[in-house]
Amino acid sequence: CGTPELGEGLSKAQRGRDNAGGGTCNVANTEDSYLLAITWQPGFCEHAKYNGKKPECDAMNGGKLQAKNLNLHGLWPNKKECGTNYGSCRGEQFSLKQDTIDKLAPWMPNFYYERTFGAYEWNKHGKCQSLPPDEYFLKAVSAVRVVNDSEVGKIVLGSVGKSFRVNDFFDRVKTRYGAQVAGSITLVCAQRKYLQEIRLTLPLELNTDGDLVQLVGKAA
């Protein structure tokens, strides 16, 4: 997994963030980009050590919850000078309307059972941007839907129970959307072969009303 250039691990942009440092890294509304983390839930539940703390995984492993689409892990505001340390800002307390929760649950299935993971994502990442909780999570889900409906989603959902080669994945994405989009994507795997997550580097101004090209913009 990873990217065609790096073979495995994080993209070049994300490696740069890992190695960066300095700055004021917990001040809200100073982000310069986003990282969209999308979970392939069966891969996570099967191969991650969640230690019984993920009711959605228990439900999935027990056959009570089916994987029909890609899922939201998080929409993470980023600040280049802070590396991966931008987060945990001060901000509005976590609270969501029931209508929002109902819309989120098919895309973030932990919401079927509890609010713990949503609160964690809000406190660590959501508070660092300007949208209130309901708008933030719905915006994040809108971004996931764009990816789910794209060639990326078609490859993953069309490969259930099978496998695909990393370079073939990126070749298909590049052919459909161009090098800019392909370069914004990283595949994260367990044991170097089980897909768990898809990560996309996104611009500060998110456009979730179009296709994958418009979502990625000039972020890569």
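Any idea of Lys103's accessible area? Nearest 10 Å², probe 1.4 Å.
Rounded to the nearest 10, that gives 110 Å².
When a/c is below 1.5 the answer is rounded, else prolate if a/b is larger than b/c, else oblate, so apply that to the stretch 60-174 with a ≥ b ≥ c taken from the square roots of the Cα gyration tensor eigenvalues. Walk me through the numbers on the way to the answer.
Values: a/c = 2.26, a/b = 1.36, b/c = 1.66.
Note, shape of the stretch 60-174 comes out oblate.
Non-local amide H neighbours of Leu65 (under 5 Å, H modeled in plane, Pro and chain starts lacking H): which ones?
Here the answer is Met60, since their amide H atoms fall under 5 Å of that of Leu65.
Would you please put 24-33, 173-182 in order of how densely packed they are, using the mean number of other Cβ atoms within 10 angstrom per residue and starting with the highest?
Details: 24-33: 15.3, 173-182: 16.9.
For the peptides 24-33, 173-182, the packing ranking is 173-182, 24-33.
When only alpha-carbon atoms count, how far does the chain stretch along each of its three principal axes, as whole angstroms with the largest first?
Sorted from largest, the Cα extents of the chain read 43, 39, 33 Å.
How high is the relative contact order of the chain? Use alpha-carbon pairs under 8 Å, at least six apart in sequence, and give a whole percent. It would help to have the intermediate numbers written out before the result.
On the way: 379 pairs, mean separation 67.0, N = 220.
Relative contact order, the chain: 30 percent.
What accessible area, in Å² to the nearest ten, does a 1.4 Å probe give for Val213?
Its accessible surface works out to 60 Å², give or take rounding.
Once you've got the GNM for the chain with C-alpha springs shorter than 10 Å, pick whichever of Arg172, Arg145, Arg199 has the biggest mean-square fluctuation.
Checking each option, the largest mean-square fluctuation is seen for Arg172.
With runs of 4+ DSSP H residues as the only contributors, calculate the mean residue ellipticity of the chain at 222 nm using -39,500 (n - 2.57) per run, divided by the residue total and rounded to the nearest 500. All intermediate terms of the calculation are to be shown ahead of the outcome.
On the way: 10 runs with 82 residues, N = 220.
Result for the chain, helices only: -10000 deg cm²/dmol.
Could you tell me which residue out of Asn51, Leu65, Asn207 lies farthest along the dipole of the chain toward its positive end? Charges go on the beta carbon: Lys and Arg +1, Asp and Glu -1, centred on the Cα centre.
Result: Asn51, furthest along the dipole toward the positive end.
Can you send over the carbon and sulfur percentage of the accessible area for the chain, probe radius 1.4 Å, protein chains only? List each step's numbers first, then the result.
Working: 5010 of 11130 Å².
Accessible surface attributable to carbon and sulfur in the chain totals 45 percent.
Name the GluC sites (Glu not before Pro) in the stretch 144-209 that are in a loop by DSSP and that have at most 12 other C-beta atoms within 10 Å, would you? Let's see the in-between values first.
Details: sites: Glu151, Glu197, Glu205; in loops: Glu205.
When the GluC sites (Glu not before Pro) of the stretch 144-209 are filtered for loop state and at most 12 Cβ neighbours within 10 Å, Glu205 remain.
For the stretch 131-220, build the charge dipole from Cβ charges (+1 Lys, Arg; -1 Asp, Glu) around the Cα centre, then report which of Gln191, Phe170, Val216 sits farthest towards its positive end.
Gln191
If you place +1 on the Cβ of every Lys and Arg and -1 on the Cβ of every Asp and Glu, how big does the dipole about the Cα centre of the chain come out, in debye to the nearest 20? Display every interim value, and only then the final one.
Numbers: 28 positive and 24 negative charges, 100 e Å.
I would put it at about 480 debye.
Starting from the Kirkwood Rh over alpha-carbon pairs, what translational D in µm² s⁻¹ does the stretch 145-220 have by Stokes-Einstein at 10 °C and 1.306 mPa s? It would help to have the intermediate numbers written out before the result.
On the way: Rh = 12.8 Å.
D, rounded to a whole number, is 124 µm²/s.
Under a point-charge model restricted to the Cβ atoms of Lys and Arg (+1) and Asp and Glu (-1), what is the dipole moment magnitude of the stretch 106-182 relative to its Cα centre, in debye to the nearest 20? Can you show the working numbers first?
Numbers: 11 positive and 8 negative charges, 43 e Å.
Taking the Cα centre of the stretch 106-182 as origin, the dipole is about 200 debye.
State which entries of Lys97/Lys124; Lys64/Lys193; Lys124/Lys162; Lys79/Lys174; Lys124/Lys174; Lys49/Lys79 exceed 31 angstrom in Cα-Cα distance in the structure shown. Each step should come with its number before you reach the end.
On the way: Lys97/Lys124 20 Å; Lys64/Lys193 25 Å; Lys124/Lys162 35 Å; Lys79/Lys174 27 Å; Lys124/Lys174 33 Å; Lys49/Lys79 29 Å.
Exceeds cut-off: Lys124/Lys162; Lys124/Lys174.
The values are calculated or read from the model by the stated rules, or taken from the named source; none is laboratory data. What you are looking at is a predicted structure, and each value in this text was computed from that prediction instead of being measured. We place every Cβ from the backbone using ideal geometry, glycine too, and count neighbours over all the protein chains shown. Ligands, DNA and RNA are stripped out before the accessible areas are found, and what is left, the full protein with its side chains, is counted by its heavy atoms. Shrake-Rupley method; radii C 1.70, N 1.55, O 1.52, S 1.80 Å.
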